[in-house]
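K.L.:
Have a look at the structure that comes next, please.
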Amino acid sequence: MYDYQTTLKSSVSLSGVGVHSGKAVTIHFHSADPDTGVVFHVPDDGPDGVRIRAMASEIGGTDLCTMLGDVNGVHVATVEHLMAALLGLGIDNVAIEIDGSEVPILDGSAASFVAAFDQVGIETLDVRRRYIRVLKPVRIDNGSSWAEFLPHDGTRFEVEIDFDSPAIGRQKLAADVTADTFRREISRARTFGFLKDVERLWAAGYALGSSLENSVVIGEDHRVVNMEGLRYADEFVRHKTLDAMGDLAL
């Protein structure tokens, strides 16, 4: 079944707020034909809105989130957690209607998307998938950070982070990703940030919808502020893995 394309068995909707805009938003997911891919239907001044395909060529910005479309025009922001859920569960084709310009942050992870998709079910279509297969190493360096693709029989992520904070420090996760491992090990990891950065982000127009309900917050004393603590001891690197999956899904 993994060689064939998939879609949702029926429609499902979720509502929440945008983590950066702070605005209420509702998003609807519908089944789609083979070879449709992931397509956002975003409102504009026209009667039918604008269609934005979830592809790397549509990336309009990566400042604190991944945004598709025109940063100064019609766009949809903060797509990475949703895209990770689609990739993690192996959903190839879906039409997405959204009544705003930012995907709802929900609880700051991909768990709500996973639950919604599992609720309606995933349908296997009769058209085969096409893959990008890595045949030789490909590496990109950006300052002290780097990413590398290596040939591998399957899909494996090896992610390491190093933060100058005792609450995070150096963490590493290596996992062969299947739908089951994504559900258990990655999907529930939440986005995170530092309390000391909040006022600066607010002044810049970001994180207006951020709260302890959708983010892990590290306080001035380098402790996690959230009363419930962490979902995983290494939740930070698991969330960065989730982000990487969402971006690479494009």
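The values are calculated or read from the model by the stated rules, or taken from the named source; none is laboratory data. These numbers were taken from a predicted model, which means no experiment stands behind them. For neighbour counting, all protein chains shown are included, and Cβ atoms are generated from backbone atoms with ideal geometry for every residue, glycine included. Calculation scope for accessible area: heavy atoms of the full protein, side chains included, ligands and nucleic acids excluded. Shrake-Rupley method; radii C 1.70, N 1.55, O 1.52, S 1.80 Å.
K.L.:
Any idea how many residues of the range 103-119 are touching a strand residue (DSSP E or B) at 6+ places or on another chain (Cβ under 8 Å), open to solvent by 10 Å² or more (accessible area, probe 1.4 Å) and closer than 20 Å to Gly18 by Cα?
P.N.:
Of the residues in that region, 2 qualify.
K.L.:
So how many residues does the range 39-82 have that are part of a loop (DSSP other than H, G, I, E, B) and open to solvent by less than 40 Å² (accessible area, probe 1.4 Å)?
P.N.:
8
K.L.:
Here's a check for you: in the range 84-93, which residue that is open to solvent by less than 30 Å² (accessible area, probe 1.4 Å) and touching a strand residue (DSSP E or B) at 6+ places or on another chain (Cβ under 7 Å) is nearest to Gly16 (Cα to Cα)?
P.N.:
Once the filter is applied, the top-ranked residue is Leu86.
K.L.:
Shifting gears a bit: Give the number of residues within the range 1-38 that are assigned to a loop (DSSP other than H, G, I, E, B) and either open to solvent by less than 60 Å² (accessible area, probe 1.4 Å) or among the acidic types (Asp, Glu) (or both).
P.N.:
The qualifying residues number 13.
K.L.:
With the requirement that a residue be over 24 Å from Asp164 (Cα atoms) and either crowded, with 20+ Cβ neighbours inside 10 Å or at pLDDT 90 or above (or both), what does the range 202-220 give you?
P.N.:
Listed by number, the residues that qualify are Gly209, Glu213.
K.L.:
Moving on to the next point. Which one of these is open to solvent by less than 70 Å² (accessible area, probe 1.4 Å), in contact with a strand residue (DSSP E or B) (Cβ under 6 Å, 6 or more places away or on another chain), closer than 27 Å to Val71 by Cβ and of a type in the set (Val, Ile, Thr): Ile122, Ile140, Ile161?
P.N.:
Ile161
K.L.:
Exposed (fewer than 14 other Cβ atoms within 10 Å of the Cβ), more than 22 Å from the chain's Cα centre (by Cα) and closer than 19 Å to Ala110 by Cβ: which single residue out of Glu228, Glu199 fits that description?
P.N.:
Glu228
K.L.:
Residues in the range 172-192: is at least one under 30 Å from Gly22 (Cβ atoms) and at pLDDT below 95?
P.N.:
no
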